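The values are calculated or read from the model by the stated rules, or taken from the named source; none is laboratory data. Given the structure is predicted, the values throughout are model-derived calculations rather than measurements. Reconstructed Cβ throughout: ideal geometry from the backbone, glycine too, with neighbour counts over all protein chains shown. Accessible surface areas use protein heavy atoms only, side chains included; no ligands, DNA or RNA. Shrake-Rupley method; radii C 1.70, N 1.55, O 1.52, S 1.80 Å.
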Amino acid sequence: MAEERICRETIRYLGYREHRPDPQMEKLIAWGIHETEQKSVPAFIVQEFTMELGEKHRVRIGDEAFISQNLSRNLQDCEKVLLLAATLGAQVDRLIQKYSRLDMAKAVILQAAAAAILEEYCDEKNRELQQKAEEQGWYFRPRFSPGYGDFPIDFQKTLLAMLSAQKRIGVTTTESGMLVPVKSVTAVIGMSRRDTKCRLSGCETCGKRDCIYRRSTSVPLENAKEE
Amino acid sequence: MFIDQLGKTILFFDGGMGTLLQEQGLKPGELPEEWNLTHREAVIQIHRSYVEAGSDILLTNTFGANALKFHSKEHTLEEVISAAVANAREGARLGSQGKRDVYIAFDIGPTGKLLKPLGDLEFERACEVFREAAMLGERAGADLIHIETMSDTYEVKAAVLAARESTSLPVMVTLIFDSHGKLLTGGDIPSVTALLEGLRVDAIGLNCGLGPKEMLPLLKELRQYTSLPIVIKPNAGLPVQRNGETCYDVTPEEFAGWMEQIVDNGACVIGGCCGTTPEHIRAMAERCRGRKILRPEKKNHTIVSSYGKAVIFREAPLIIGERINPTGKKKLKKALKDGQMDYILDEAAEQEDCGAHILDINVGLPGIDEPSMMMQVIQEVQGITNLPLQIDTVDEKAMEAAMRIYNGKPMVNSVNGKQASMDMVFPLIKKYGGVVVALTLDEKGIPQTAEGRADIAGWIIKEAEKYGIERKDIIIDVLTMAVSADPEGARITLDALRLVRERYHVHTVLGVSNISFGLPNRPLLNANFFTMAMQAGLSAGIINPASEMMMQAYRSFCALMHYDEDFTAYIDGYGERRLELTDQERISDLAVKGDSESKKICAATQPGEWQVQKKDVLLLLQHAIQKGLKEEAGRQTKECLRTKAPMDIISEGLVPALDTVGKGFENGTVFLPQLLMSAEAAKQAFAILKEILPQGEADNGQKPRIILATVKGDIHDIGKNIVKVLLENYGFAVIDLGKDVPPETIVETAVQEDVKLAGLSALMTTTVPSMEKTIRLLNEKKPDCKVMVGGAVLNQEYADSIHADFYGKDAMQSVYYAKELFGI
């Protein structure tokens, strides 16, 4: 199941849309997924924080406050949040860097495979946490990452510091706020007592609808910001 | 003195600091180091309670006190560090009442940044930051330096070098391993041990990440490799999430029980990390006080390492790839002169694929800036392989520069029995660590007898001892002489090998292929001599691993001598099983699955042979490129050359094929990986044609040149690299400046090289400003240089707003723009 999803997502990230890769390419994609999995050392941390929504889309998480209309909407009716960080580890970056110098076709396949594997890993962790939380009457909002919509990307550094992510799973940022290892994710998950049946997350919440990488979906995009 | 007790008696470290500060009100994300000044009493109290619990060593509250991590508006680094040492000193005084010695260890934690090439931190910048902190720590009165919680070999190397260069304090290092014994950046226990012992640290160990139970097996492994005192500081178990809090559940009594076992297995400095409290330390100290420790034991492993791999010299011989050495290699000479890294990297990758264990790096050429070229090649090669490298140079500056930036414990080629050589090389080995190749020659030349060479080996070993360099770090090269010049040459070398092995119990190395110089069919002599040398005790051969005969000799020797468990390597090399499909198999595969073009090719192919009928050679080349078959494209190009001129092959074969693929990409019938596979296949074809074309026509100087760079602050360079491959395919000479490139570098290059087009990429909104700055600067200093931009966050409007001349929504668009601009 998971393997199939990873394969499908890798193909999507490679820009194939509804097309199927030829058998030769399928083999290469399978190679890429296998190589990436071999080099992955997935790690994940999550911690609960208090939150508050204020006037004019003000969001407070822990002791940090900022403005974001998109995140405000995502966290509507929530009482607390989980902050999380996940990574596939530095070896995957090395693998992609290596092929960037030797064979670009392989590099883009590895890069897509890594993105798919990381997403699957986060989904899996998300489901586990969600299940536990629901037993105690909490409902999850879709994962929302710094940089989505108007959620300030600067929050990435703060979030990592709040989780001691460098020490615990080795996730850092560059001066400009990019995550290193590159195949890492940070996100906020709102927790609410109300189940809103909102199941949209990631790709589908983005306003860029003509994107060639978009997941095919017919769900109306109420939460999406128009650009 | 601390150093007198280290390794001779049990010493108790303290426990967690962060968790205790949080209990006192430190908030997540707040700088704990600031508390040294703002909550002095609280910090002193924690130190004091550890001393009262039994700690002999206190770690200062300076984990994040470095210029990259500590950004305070109120306090300087110096204020924080001197307060931190003073607080620890005060806690020690209060806790011990002056009745026993308590040592203050200045704590150095990671910078919080990843070093290049993974992150954006320069190695020398990391050294500088650590130097500053270490110096302030010593000045404030610390007794030793403790570098801890490190997860990257490169960063830990920077920290140790810095501590050594700026202080005279003892240095202990502990790293954070996972339960499989791996660092986050891939290093394992043998490779880390080799690196740190090479850098001459005083103690080595583990902290954080794991509980004592999980550390126990890692400690046992560490003890197998290290000759140094061992430090163990576990967490109070593995973290457990409870009600949104991170908890550590191992109780003080349990902790003490485990730590007792830890002492029995070889640790002599013990303490705790996250989740441990004075109660843990008290229980541990009560349980372990007076316990007999295992003294550190000398180990004799010869180990070279890279960031992620240790190569240990054991009984089975090893292969050192010799091909990155310009002597007698025209193409490599040209690549070095032109700074063509791709060729060098391909050589490195191929040698690894062929089975090399270590790669020799020699870039010595007249007229080349060897130190800077050596550094560049070392860094680039380490970017694509985790094989340890052998730094091969006679240039002192190049040797030191390379040893300094090398990520791991290198092999160094070479020292010899001349006093001047030893005076130059040994201090470098002492400072940076390394396994050095020692040539048995001296001021009088190369002795004609085995005895004479062995004597020089002995002399070198003795001289090395003066520097504290052990014989495990010396590999003797008794030198291979051409038999054509001296018929006794092979015999002397083999005798010397045996003698040196017996007399000094050292490892040996030989450059094998010199033996056949001046005789025909050299591979035959080389391979046989290689076998004889291995039989005589050769530990490592410097050979060409792409030479089939050499590898046959090697694999046969290993198979026959029971060095190849289950004959795995032998069967992999020569058995029926094939791991990767050849192009021919791929084509037949495609044909079976109904691909009509492939069917045609299969029909045209004679069974068992891969020959084609003359008529459609160009068609077949086009097909190979369109299908992205690299090897096949190379073969077809050679086939075409029998009947066609190189320029015609380009215009009638390559260009139409690339155009078809490019159009397919635009129409959405060909996708990115296929486009790139075709590009790689075409690259293969071009490489072959380039060798045949007359200099002028193939020369880069004739082609329009384009700068490509990922802008300052941005480390995502996949997009830029895609564009590069395609532009090169279409005949442009790309000056690739890499990633995280300052605007000034781009502008300077454009001016110096008089470049008319620069392509810039940026992935995130946060890095677009540096793209904008680059464009502004280019417009000012080099107005005739056009700028094309691309990257995930960009669109036409955004590109217009930063005044780019062209926005490429995908890689092909930049090719079309460049073609239009240069009128091709």
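Sorting A:Asp63, B:Asp754 by solvent-accessible area of protein heavy atoms yields A:Asp63, B:Asp754, largest first, with a 1.4 Å probe. When the solvent-accessible area of the protein assembly as shown is split by element, carbon and sulfur atoms take up 50 percent of it, the probe being 1.4 Å. Using C-alpha pairs under 8 Å with a sequence gap of at least 6, the mean separation divided by the residue count of region B:1-122 gives a relative contact order of 29 percent.
State which entries of B:Lys409/B:Lys690; A:Lys132/B:Lys73; A:Lys183/B:Lys690; B:Lys27/B:Lys712; A:Lys98/B:Lys397; B:Lys113/B:Lys331 exceed 30 angstrom in Cα-Cα distance in the structure shown.
B:Lys409/B:Lys690; A:Lys132/B:Lys73; A:Lys183/B:Lys690; B:Lys27/B:Lys712; B:Lys113/B:Lys331
Look at the dipole of the protein assembly as shown built from charges on Cβ: of B:Ala65, A:Pro42, B:Phe13, the Cα furthest out on the positive end belongs to A:Pro42. Panel note: contact residues of region A:108-146 (accessible area lowered by at least 40 Å² against the chain on its own; 1.4 Å probe) correspond to A:Val108.
For region B:241-259, a reduction of at least 20 Å² in accessible area between the chain on its own and the assembled protein chains (probe 1.4 Å) is found at B:Gln241, B:Gly244, B:Thr246. If you take every DSSP beta bridge fully contained in the protein assembly as shown, what fraction is antiparallel? Give it as a percent rounded to 5. In the protein assembly as shown, approximately 35 percent of DSSP beta bridges are antiparallel ones. Compared with the dominant principal axis of the Cα atoms in chain B, helix B:811-822 is inclined by about 60°. Of the trypsin sites (Lys or Arg not before Pro) found in region B:621-665, those that fall in a DSSP loop while having at most 14 other beta-carbon atoms within 10 Å are B:Arg642. Mind checking which aspartates and glutamates have their Cα closer than 16 Å to the Cα of B:Lys644? Skip sequence neighbours fewer than 8 apart in that chain. Result set, ordered by chain and number: B:Asp616, B:Glu652, B:Glu691. Residues of region A:39-63 whose accessible area (probe 1.4 Å, heavy atoms of protein chains only) drops by at least 50 Å² once all protein chains are present, relative to their chain alone: there are none. Rounded to the nearest 500, the helix-only mean residue ellipticity at 222 nm of the protein assembly as shown stands at -14500 deg cm²/dmol, with each DSSP H run of n ≥ 4 adding -39,500 (n - 2.57). For chain A, hydrophobic long helices are taken as DSSP H runs at least 15 Å long by C-alpha position along their axis with mean Kyte-Doolittle hydropathy of -1.0 or more; these are A:23-39, A:90-102, A:104-135. Working from Cα positions, state the angle (0 to 90°, nearest 10) between the long axis of helix B:768-781 and the longest principal axis of chain B. Here the helix axis deviates by roughly 60 degrees. Largest first, the residues A:Trp31, A:Trp138 sort by 1.4 Å accessible area into A:Trp31, A:Trp138. Computed with a 1.4 Å probe over protein heavy atoms only, the accessible area of B:His180 comes to about 150 Å². Taking the centroid of alpha carbons for each part, region B:719-785 and region B:630-697 are 26 Å apart.
At 1.4 Å probe radius, can you tell me the per residue accessible area of the protein assembly as shown in Å²?
Using a 1.4 Å probe on heavy atoms only, each residue of the protein assembly as shown averages 41 Å².
On a 0 to 90° scale, report how tilted helix B:189-198 is relative to the longest principal axis of chain B, with both axes built from alpha carbons and the result rounded to the nearest 10. Rounded to the nearest ten degrees, it is 80. What you get for the protein assembly as shown, charging only the Cβ of Lys and Arg (+1) and of Asp and Glu (-1), is a dipole of about 480 debye around the Cα centre.
In plain terms, the chain from B:Glu122 to B:Thr76 could stretch by 14.3 nm, reckoned as 0.36 nm per residue minus the Cα-Cα distance. Please say if region B:689-824 is rounded, prolate or oblate, where rounded means a/c under 1.5 for a ≥ b ≥ c the square roots of the C-alpha gyration tensor eigenvalues, and otherwise the choice is prolate for a/b larger than b/c and oblate otherwise? Because a/c hits 1.5 or more and a/b exceeds b/c, region B:689-824 counts as prolate. Net charge in the neighbourhood of A:Glu48 (other residues with Cβ under 11 Å of its Cβ; Lys, Arg +1, Asp, Glu -1) is 0. Interface of B with A. Using a 1.4 Å probe and counting protein heavy atoms only, the two chains hide about 5100 Å² of accessible surface, both sides summed. Exactly which chymotrypsin sites (Phe, Trp or Tyr not before Pro) in region B:252-350 are in a DSSP loop and have at most 14 other Cβ atoms within 10 Å? When the chymotrypsin sites (Phe, Trp or Tyr not before Pro) of region B:252-350 are filtered for loop state and at most 14 Cβ neighbours within 10 Å, nothing remains. For chain B, the dipole from Cβ point charges (+1 on Lys and Arg, -1 on Asp and Glu) about the Cα centre works out to 880 debye, to the nearest 20.
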